[in-house]
Amino acid sequence: MTELPKSDFVFKPIVRGVAIEGSSGLFPVGKVYCVGKNYADHAKEMGGKVDKDQPFFFSKPPQAITQSANIPFPTLTHDLHHEVELVVFLKSACSNILPSQASQHIFGYAVGVDLTKRDIQAVAKRTGGPWDLSKGFDNSAPISKIQNKEGLLLEQGEISLKVNGQIKQSSNLSNMVWKIDELISWLSKYITLKPGDIIFTGTPAGVSKLNPNDKIEAEIENIGSLSFKLIR
């Protein structure tokens with residue numbers, strides 16, 4: 001993390017900084033958006049279906065982002081799940097844009113894992129409550145270094161995740177229901193997106209329970225890899 005310069009704040013604000021491959025600079029994280037049910041097979045395994053009218057979005061706090069190789073196993077859950085995802089990083093502001101305008105706002109991509117307290121999420125779904133406590137806890141969004149791919153719209157590429165060397169998730173980015181340009185466009189209709197905002201683009205089928213001391217390895221073709229261990 002990187003501290004902002006002193007000002008008239010009552011205490012020093014802190015911005016989360018993400019490492020960029022091949023650069024000493026850090027990417028300053030703004031808002032963190034996530035897309036649910038963006039792979040039909042995952043929606044099916046969760047007992048739902050894809051909403052073809054518009055994407056389903058939720059948020060994580062910037063404090064969820066981590067690039068640590070060792071992540072403390074979260075408290076207050078008996079059913080922690082992994083969800084490998086492509087993460088998009090935005091370099092410029094946009095509001096109410098068309099999909100054809102989305103690529104000019106892309107800074108790059110990374111491999112991410114949306115760690116989810118599935119038992120807490122199940123309660124929220126049943127009661128109609130928010131997902132914050134199941135999705136937005138500390139270190140719930142580990143990510144790899146960013147690959148600078150300015151202006152590039154990724155349309156395909158193998159995406160996979162292993163737990164202790166065993167493949168759990170394997171798919172292709174081409175299977176996303178809502179493509180990257182469509183996701184950026186949809187979000188921009190409701191919220192002014194700013195430089196530093198990032199988007200987790202959804203996960204394919206194969207999510208499963210994680211345990212303390214598990215080693216997670218995630219990879220996306222032409223983007224990179226991510227590896228971390230859950231520790232007590």
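Summary table below
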| item | result |
| --- | --- |
| Highest-first arrangement of 201-209, 165-173, where packing means the average Cβ count within 10 Å | 201-209, 165-173 |
| Share of carbon and sulfur in the accessible heavy-atom surface of the chain [1.4 Å probe, %] | 51 percent |
| Translational D in µm²/s for segment 56-99 (Stokes-Einstein at 20 °C, 1.002 mPa s, Kirkwood Rh from C-alpha pairs) | 148 µm²/s |
| Per residue accessible area of segment 17-204, 1.4 Å probe, in Å² | 44 Å² |
| Check: the chain dipole with +1 on Lys, Arg Cβ and -1 on Asp, Glu Cβ, in debye | 500 debye |
| Distance cut-off 21 Å, percentage of C-alpha pairs in segment 17-204 lying past it | 49 percent |
| Subset of Lys31/Lys179; Lys31/Lys117; Lys91/Lys149; Lys135/Lys162; Lys52/Lys168; Lys135/Lys209 violating a 18 Å alpha-carbon distance limit | Lys31/Lys179; Lys31/Lys117; Lys135/Lys162; Lys52/Lys168 |
| Derived scalar couplings ³J(HN,Hα) [segment 103-117; Karplus, 6.51 cos²θ - 1.76 cosθ + 1.60; whole Hz; x for Gly, Pro] | 4, 5, 9, 8, 8, x, 9, 8, 8, x, 10, 8, 6, 9, 7 |
| Computed [θ] at 222 nm, deg cm²/dmol, the chain (DSSP H ≥ 4; -39,500 (n - 2.57); rounded to nearest 500) | -3500 deg cm²/dmol |
| Beta bridge orientation in the chain: antiparallel %, DSSP, nearest 5 | 85 percent |
| Percent RCO, i.e. relative contact order, over the chain, from Cα pairs under 8 Å lying at least 6 residues apart | 29 percent |
| Among Thr192, Ala110, Val15 the positive-end extreme of the charge dipole of the chain (Cβ point charges) | Val15 |
| Vicinal HN-Hα couplings computed from phi for segment 130-140 (Karplus, 6.51 cos²θ - 1.76 cosθ + 1.60; Hz; Gly/Pro x) | x, 8, 3, 6, 8, 10, x, 6, 4, 6, 7 |
| Prolate/oblate/rounded label for segment 148-232 (Cα gyration tensor, a/c 1.5) | prolate |
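The values are calculated or read from the model by the stated rules, or taken from the named source; none is laboratory data. Note that this is a predicted model, so its numbers are computed, not measured. Positions of Cβ are backbone-derived with ideal geometry, glycine not excepted, and every protein chain shown enters the neighbour counts. The accessibility values were calculated without ligands, DNA or RNA, using every heavy atom of the protein model including side chains. Shrake-Rupley method; radii C 1.70, N 1.55, O 1.52, S 1.80 Å.
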